[in-house]
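Read the structure below first, then the notes.
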Amino acid sequence: MAKKEKSPEQQLKELCQEIKLEIDRWNNLKIQGGNDPFREDGYNMNLTRNHVIYDKGKIKEICEENSLDLPEEYHIPTPPEVPNYYMAKPKQIEKDARESLAKYKAEENYQWLLRCNTSTNVKKKTYYEAVMGYVSGLEEAIKIGDLVAMRRHRNPEAYLGSFAECRKRIEEAMAEEKGDGQMELFDFI
């Protein structure tokens with residue numbers, strides 16, 4: 001069964017709704033910021049702006065081909081282009097990052113991992129370096145002012161859970177290496 005083609009009016013209605021959503025998204029990125037773990041808010045604002053421009057072009061094309069009047073959404077001002085490096089709430093992002101870093105460093109499992117003296121093989125097998133890199137990476141991000149990297153730590157609970165999981169894997173791996181399941185006091189020195 002062939003898919004029923006949408007009428008020009010249906011296409012326009014969908015494009016008009018999309019324009020409103022994209023403009024709302026642009027405004028939200030400007031004020032609240034986004035959650036993109038790799039891109040600044042400005043980059044995503046410009047991407048959203050490009051969606052609005054594309055949708056308006058499609059609207060104009062449909063209207064010209066079908067002798068229809070341009071809808072009011074077509075006349076809504078297109079959001080301006082912004083510097084790609086723009087970030088909303090930079091002071092809040094840095095404050096949150098510093099708070100997360102303090103939580104990481106105070107966390108019991110992180111402290112255990114710092115003191116843990118185990119073989120390189122166990123550390124590789126348990127992703128020790130990657131997990132500990134969360135802290136050193138955040139320290140570096142704060143030092144150089146990398147707001148995107150800092151924003152990744154907005155919710156520290158996920159990283160805190162990684163410390164506990166890494167500790168568990170190390171304890172299990174060390175027990176397997178010993179063969180008897182017992183850890184020695186010197187494993188922590």
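The values are calculated or read from the model by the stated rules, or taken from the named source; none is laboratory data. In this text the structure is predicted, and so the values were computed from the model without any measurement. Backbone-built Cβ (ideal geometry, glycine too); neighbour counts: all protein chains shown. With ligands, DNA and RNA removed, areas are computed over all heavy atoms of the protein, side chains included. Shrake-Rupley method; radii C 1.70, N 1.55, O 1.52, S 1.80 Å.
Data for the structure
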| item | result |
| --- | --- |
| Residue in the range 114-165 that is farthest from residue 93 (Cα to Cα), counting only those that are of a type in the set (Phe, Trp, Tyr) and out of contact with any Cys (no Cβ under 8 Å at 6 or more places or on another chain) | 163 |
| Number of positions in the range 116-152 that are closer than 16 Å to residue 40 by Cβ and within 15 Å of the chain's Cα centre (by Cα) | 8 |
| Any helices (runs of 4 or more DSSP H) falling wholly within the range 74-179 and containing at least 1 residues that are in contact with a helix residue (DSSP H, G or I) (Cβ under 8 Å, 6 or more places away or on another chain) and open to solvent by 60 Å² or more (accessible area, probe 1.4 Å) | 90-106, 108-115, 120-125, 128-144, 157-178 |
| Whichever residue in the range 18-29 is without any contact (Cβ under 8 Å) to a residue 12 or more places away in the chain and farther than 19 Å from residue 155 by Cβ and, among such residues, is surrounded by the fewest Cβ atoms within 10 Å (Cβ to Cβ) | 24 |
| Single unsatisfied condition, residue 32 versus (1) in contact (Cβ under 8 Å) with a residue 24 or more places away in the chain; (2) open to solvent by less than 80 Å² (accessible area, probe 1.4 Å) | (2) |
| Qualifying positions in the range 50-71 - in contact (Cβ under 8 Å) with a residue 40 or more places away in the chain and exposed (fewer than 12 other Cβ atoms within 10 Å of the Cβ) | 65 |
| Single residue of 21, 68, 15 found to be more than 30 Å from residue 143 (Cβ to Cβ) and touching a Lys or Arg at 6+ places or on another chain (Cβ under 6 Å) | 15 |
